[in-house]
1. Quickly run through the range 67-82 and pick out the residues that are in contact with a strand residue (DSSP E or B) (Cβ under 7 Å, 6 or more places away or on another chain) and more than 19 Å from TYR104 (Cβ to Cβ).
2. Answer yes or no: is there a residue in the range 102-112 that is of a type outside the set (Ser, Thr, Tyr), in contact with a helix residue (DSSP H, G or I) (Cβ under 6 Å, 6 or more places away or on another chain) and surrounded by fewer than 18 Cβ atoms within 10 Å (Cβ to Cβ).
3. Out of everything in the range 19-49 that is under 17 Å from ARG66 (Cα atoms) and either in a loop (DSSP other than H, G, I, E, B) or touching a Gly at 6+ places or on another chain (Cβ under 6 Å) (or both), what residue ends up being most open to solvent (accessible area, probe 1.4 Å)?
4. Take ASP61 and decide whether it is crowded, with 19+ Cβ neighbours inside 10 Å and of a type in the set (Asp, Glu).
5. Does ASP54 satisfy being assigned to a strand (DSSP E or B), of a type in the set (Asp, Glu) and within 20 Å of PHE29 (Cα to Cα)?
6. For the range 79-95, what are the residues that are hydroxyl-bearing (Ser, Thr, Tyr) and closer than 13 Å to SER62 by Cβ?
7. Residue by residue through the range 4-15, note down the ones that are over 15 Å from the mean Cα position of the chain (by Cα) and surrounded by 12 or more Cβ atoms within 10 Å (Cβ to Cβ).
8. Pairs needed: first member in the range 9-25, on the phi > 0 side of the Ramachandran plot; second member anywhere, open to solvent by 20 Å² or more (accessible area, probe 1.4 Å) and part of a strand (DSSP E or B); C-beta distance under 8 Å; at least 6 residues apart or different chains.
Amino acid sequence: QVQLVESGGGLVQAGGSLRLSCAASRSTFSIYGIAWYRQAPGKQRELVAAISKDGTTDYADSVKGRFVISRDNAKNTVYLQMNRLKPEDTAVYLCKMYRIGVYYWGQGTQVTVSS
C-alpha cells in the first residue's frame, strides 16, 4: 500500500508564503504524475497544480504566477511553493499520485490565510 504524507501547512498572513511537501512511500515514485488539489469548506475539490513524470507542469489559473510545483525523485517528494497567498487560498491541500488506472491520495494538510 502506498502512503502519501503531506506537510508544511499552517496559518499565514495574506501576502505570505508556505511550502508544502508530499512524501511518498513508493520506490517507483518517478513513474507517477503528482498533483496538488485543495478543498475548502462547502466547495468542490479543485486541481491546483500537477507535475508529470517527466517534469511538465500545469497550474490552475487562480494560482499561476504565485505557486510553483516541483519534484525530487531522489527523495520521493513533491513540493508546492505558495507565494503571495490570499485568503481565498484557505483550504485543505491534498496530493495525489497517479498513473493510468492507478491513483493514491494523501490525508491533506490545512492551509489558512488570514486577511
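1. PHE67, VAL68, SER70, GLN81, MET82
2. no
3. In this case the residue turns out to be ARG19.
4. Here the answer is no, as ASP61 does not meet what is asked.
5. Taking the combined requirement at face value, the residue does not satisfy it.
6. Matches in the range 79-95: THR90 only.
7. Within the range 4-15, LEU11, VAL12, ALA14 meet the criteria.
8. Correct list of pairs: GLY10/LEU18; GLY10/GLN110; GLY10/THR112.
The values are calculated or read from the model by the stated rules, or taken from the named source; none is laboratory data. Predicted, not measured: the structure shown is a model, and the values here were computed from it. Neighbour counts are summed over all protein chains in view; Cβ atoms, including those assigned to glycine, are modelled from backbone coordinates with ideal geometry. Remember, those area values only see protein heavy atoms, side chains included, never the ligands or the DNA or RNA. Shrake-Rupley method; radii C 1.70, N 1.55, O 1.52, S 1.80 Å.
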